[in-house]
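The values are calculated or read from the model by the stated rules, or taken from the named source; none is laboratory data. Computed from a predicted model, the values in this text were never measured in an experiment. Cβ placement follows ideal geometry from the backbone for every residue including glycine, while neighbour counts extend to all protein chains displayed.
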Amino acid sequence: MPPAISVRQLTKTYAQGEAATRALDRVDVDVQSGELVLLVGPSGSGKTTLLSIMGCIMRATSGSVRVLGRETVGVAENELPRIRLDHIGFVFQGFNLFPTLTAAQNVALALVAPPLVAAGPGRVEPLSEEIRVSSQLGGRLQRVLVDEGDLVEKGQILAILENDDYRARVASAEAERSLKEAEARKVANGARDQERREAAATVREVEAVLESTKADHGRRIDLFHQAVISREEMDRADQELGVAQARLAEARAMYEKTYIRAPSAGVVLRRHLKAGESVSTQFDSPIVTLADRSVIRVRVDIDEADVGKISVGQPAYVTADAFGNRRFSGHVVRLGQLLGKKNVRTDEPTEHVDQKILETLIQLDNGRELPIGLRVQAFVTSR
């Protein structure tokens, strides 16, 4: 059986000419399987250089290095990682560990192929950021029409607001009659919102006033052309028409705001309020939280030492304790442009909280079963 590692006439020279330094000079050494070998020597004697060449990390100037009988000197660069992965293990003087992983996770990385280039903790998020939907008006909720997990379309009514501060102003007998008709329909139909009906009555009132103003405006135009009325009266008629149009637009806008609609298509992640509870414009009081779950992404904290190793398009995958050994594959879709503090804490006692990280976004091929907000471990691999 050949030695586990056999080195013959190994030479390593740094630089050239008069500045050349020969770190290794025709070294011969054999290491048998199961044998423990200690390499001893003063600083600068070439110990690290020899181990690096034997471990297929550094290239020799000349000589031979065989690992389990296979010559590694001259092997193509893209073949060396497989040799290291299958046959060689290192504990570096500088550790070279992924700082965001535990010791066990760092050791387990050696079992993964293709080689990893970066890893870090992440958190699952939807394609769109979470949208907290509230109301533009303060008041009490009459109904909330959706529940958690419901799919909604853009513009769909999510809730209806009873706006106690919005009162229909009765300006004429016609408006009063319309309001009474609305109240009568409410009694006949049951469970109708008084406030919305009053708002609808105001709309009808303003429409009636607007039509009356338009008719009066037309009559005055005829009179003006006949020189029966003055320019001042004509200007006043124009102004009254403009005011009527503005009142109609305002009434319609206020009425529409009693309906809270979905700003985009998505899924209801959480319902914060129920019928009878109040909504305020003075502080954050969302009614529901929406998100687009058609695509699932993971926002990952990549240590600043690894940012030069990753790029958009690189393959990646994530794992989660709740899903055992399952891997959810994907790829890098976005890199942050600014280093910052960690976003995801692992709760490990040895975790470094003062590290600088780069936010990296990974889009999963299929991860819809992962709940939003779940902490995961993300791994970016070589292409």
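A compact table of results
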| item | result |
| --- | --- |
| Some residue of the stretch 13-31 being farther than 13 Å from ILE53 by Cβ, exposed (fewer than 14 other Cβ atoms within 10 Å of the Cβ), out of contact with any strand residue (DSSP E or B) (no Cβ under 7 Å at 6 or more places or on another chain) and modelled with pLDDT of 90 or more | no |
| Top-ranked residue in the stretch 318-328 [being assigned to a strand (DSSP E or B) and out of contact with any Ser or Thr (no Cβ under 8 Å at 6 or more places or on another chain); ranked as farthest from PRO263 (Cα to Cα)] | THR319 |
| Residue match in the stretch 81-102 (condition: in a strand (DSSP E or B) and under 30 Å from ILE357 (Cβ atoms)) | yes |
| Boolean, ARG82 is modelled with pLDDT of 75 or more and either basic (Lys, Arg) or in contact with a His (Cβ under 8 Å, 6 or more places away or on another chain) (or both) | yes |
| Test result for GLY55, at pLDDT 80 or above and of a type in the set (Gly, Ala, Ser) | yes |
| Answer residue from the stretch 1-29, given it is part of a strand (DSSP E or B) and closer than 15 Å to GLU71 by Cβ and is nearest to the chain's Cα centre (by Cα) among those | ILE5 |
| Residue in the stretch 297-317 that is closer than 30 Å to ARG261 by Cα and not aliphatic (A, V, I, L, M) present | yes |
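Each row is one residue, and each column tells you yes or no for (1) assigned to a helix (DSSP H, G or I); (2) loosely packed, with under 14 Cβ neighbours inside 10 Å; (3) in the same structural domain as GLU359 (by TED's automatic domain parsing).
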{"position": "LEU269", "(1), (2), (3)": "no, no, no"}
{"position": "LYS274", "(1), (2), (3)": "no, yes, no"}
{"position": "THR281", "(1), (2), (3)": "no, yes, no"}
{"position": "ASP284", "(1), (2), (3)": "no, yes, no"}
{"position": "ARG297", "(1), (2), (3)": "no, no, yes"}
{"position": "ASP301", "(1), (2), (3)": "no, no, yes"}
{"position": "GLY308", "(1), (2), (3)": "yes, yes, yes"}
{"position": "GLY313", "(1), (2), (3)": "no, yes, yes"}
